[in-house]
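A.B. asks: Below is one structure. I have some questions about it.
The values are calculated or read from the model by the stated rules, or taken from the named source; none is laboratory data. Everything quoted here is computed from the prediction, not taken from an experiment. Methodologically, a virtual Cβ is constructed for each residue, glycine included, from the backbone with ideal geometry; neighbour enumeration extends over all protein chains shown. The accessibility values were calculated without ligands, DNA or RNA, using every heavy atom of the protein model including side chains. Shrake-Rupley method; radii C 1.70, N 1.55, O 1.52, S 1.80 Å.
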Amino acid sequence: MVAAVRHDPALRLELASRFYDDRPGRASIRAYRRAELAFMRRQVSRGVLAPPESAWPGSGWWRSVNESLLRDVCEADRLAAGRPGQATKPAVARWAGFLSAPSARTWYRAHNASIVAAYLEHRHLCAAEVPVERFFMDVAIARLVCAHALVIRPRLAVGRLALAGRLIGDPRWRGADLFLSLHNILPDRYPLTGFSIDQILALENYAGRLIDYGVILPKMQALYEFAASDLDEPRLLDLVRNGFPVYAWPYEDRNAWTTTRARSVRSVLSWLTSA
């Protein structure tokens, strides 16, 4: 099923969407479709899922991570439909659990288990990407880790705003787009050749990055530790160091995660979302 769509981004998107279609005898999960597809549409528009033989080849890393997610959901769907056998990966078992008892919690645990496993499996492909792209790989996983806690441990994620945290992070509602779509922070082109990280950060939509600077960064280490424990994936802790993501971006260049802009706004956000 996945091989049939491998070289067509539009068909990848269609396959991902079909997973959320209503099935006889199952609780509806249609409302959960929007969060996953919002990010995939952004991937398609950037061109990162384009096949290697196209005029503008996409990213081997982004394609592989996306394909891992598609394989997990397709396998879980087949198992839920009665196909014999056991889940081949923990993430598949989590997706099967989501299908049997859909909720924001089970969706995040399934989705993020797939993404974290894919990040770990395909880390060697990062070397083929330009430095700026590698930086945004870390931005994406940091956002997911925060969204994970937003629903499951909202006090950790947003402190004084915890009562609203679960609603904001619920993948069925638009509030989750703040963390999952990356529309306001991820550059709209691929590859990002000819740009330094300083140039990209200077041109970025700063309002979109305030979540990173004011909400996530002050508690980055704790968020990764919580997700590693909740997903039973201790290797996730290899992707953070002293509060800075280091999956594909070197710790020595961690200054890219800091800023002197909007100090007052960042301070207010940090205070509001502190535990």
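A.B. asks: Measuring with a 1.4 Å probe in the full set of protein chains, what accessible area per residue, in whole Å², belongs to the chain? Before the final figure, lay out the partial values.
C.D. replies: Values: 12410 Å² over 275 residues.
Per residue, the chain has an accessible area of 45 Å².
A.B. asks: Per 0.36 nm of contour for each residue apart, how much would the distance between ARG30 and ARG105 grow if the chain were fully extended, relative to their Cα-Cα spacing?
C.D. replies: On the way: separation 75, 0.36 × 75 = 27.00 nm, distance 1.57 nm.
Fully extending the segment from ARG30 to ARG105 adds 25.4 nm.
A.B. asks: Taking the Cα centre of the chain as origin, work out the dipole magnitude from +1 charges on Lys and Arg Cβ and -1 charges on Asp and Glu Cβ, in debye rounded to 20.
C.D. replies: In total the dipole reaches around 840 debye.
A.B. asks: Can you pull the Rg over Rh of segment 7-137, Cα-only, Kirkwood? Walk me through the numbers before you get to the answer.
C.D. replies: Values: Rg = 15.2 Å, Rh = 15.5 Å.
Rounded to two decimals, Rg/Rh equals 0.98.
A.B. asks: Moving to a separate point now. Grab the beta carbon distance between SER264 and ARG189, set R0 = 35 Å, and tell me the FRET efficiency rounded to 0.05. Please list the in-between numbers first.
C.D. replies: Numbers: r = 32 Å, r/R0 = 0.93.
Efficiency computed from Cβ-Cβ geometry: 0.60.
A.B. asks: In vacuo Debye scattering of the chain, one point per C-alpha: log10 I(q)/I(0) at q = 0.14 Å⁻¹?
C.D. replies: At q = 0.14 Å⁻¹ the computed log10 ratios are -1.01.
A.B. asks: Assuming 0.36 nm per residue, please report the length gained on full extension of the stretch TYR251 to MET1 beyond their Cα-Cα distance. Show your work: numbers first, answer last.
C.D. replies: Values: separation 250, 0.36 × 250 = 90.00 nm, distance 3.88 nm.
Result for the pair: 86.1 nm of gain on full extension.
A.B. asks: Length gain on complete extension for the stretch LEU120 to ASN242, per 0.36 nm per residue less the alpha carbon to alpha carbon distance?
C.D. replies: 42.0 nm
A.B. asks: Further, regarding this structure: Can you pull the one-decimal nm distance between simple spin-label points at TRP56 and ARG235, each 7 Å off the Cα toward Cβ?
C.D. replies: Label at TRP56, label at ARG235, 3.3 nm between them.
A.B. asks: Excluding GLY97 itself, what net charge comes from residues whose Cβ is under 11 Å from its Cβ, given Lys and Arg +1 and Asp and Glu -1? Provide the component values of the computation, followed by the final result.
C.D. replies: On the way: positive: ARG94, ARG105, ARG109; negative: none.
Residues near GLY97 contribute +3 overall.
A.B. asks: With each pseudo-label sitting 7 Å past Cα toward Cβ, what's the GLN221-SER274 distance in nm, one decimal?
C.D. replies: The modelled label-to-label distance comes out at 1.6 nm.
A.B. asks: If you take the square roots of the eigenvalues of the alpha-carbon gyration tensor of segment 87-144 and sort them as a ≥ b ≥ c, do you get rounded (a/c under 1.5), prolate (a/b over b/c) or oblate?
C.D. replies: Details: a/c = 5.32, a/b = 2.02, b/c = 2.63.
Note, shape of segment 87-144 comes out oblate.
A.B. asks: Taking all protein chains as present, what is the carbon and sulfur share of the accessible area of the chain, in % to the nearest whole number, probe 1.4 Å?
C.D. replies: Numbers: 6920 of 12410 Å².
C and S fraction of accessible area: 56 percent.
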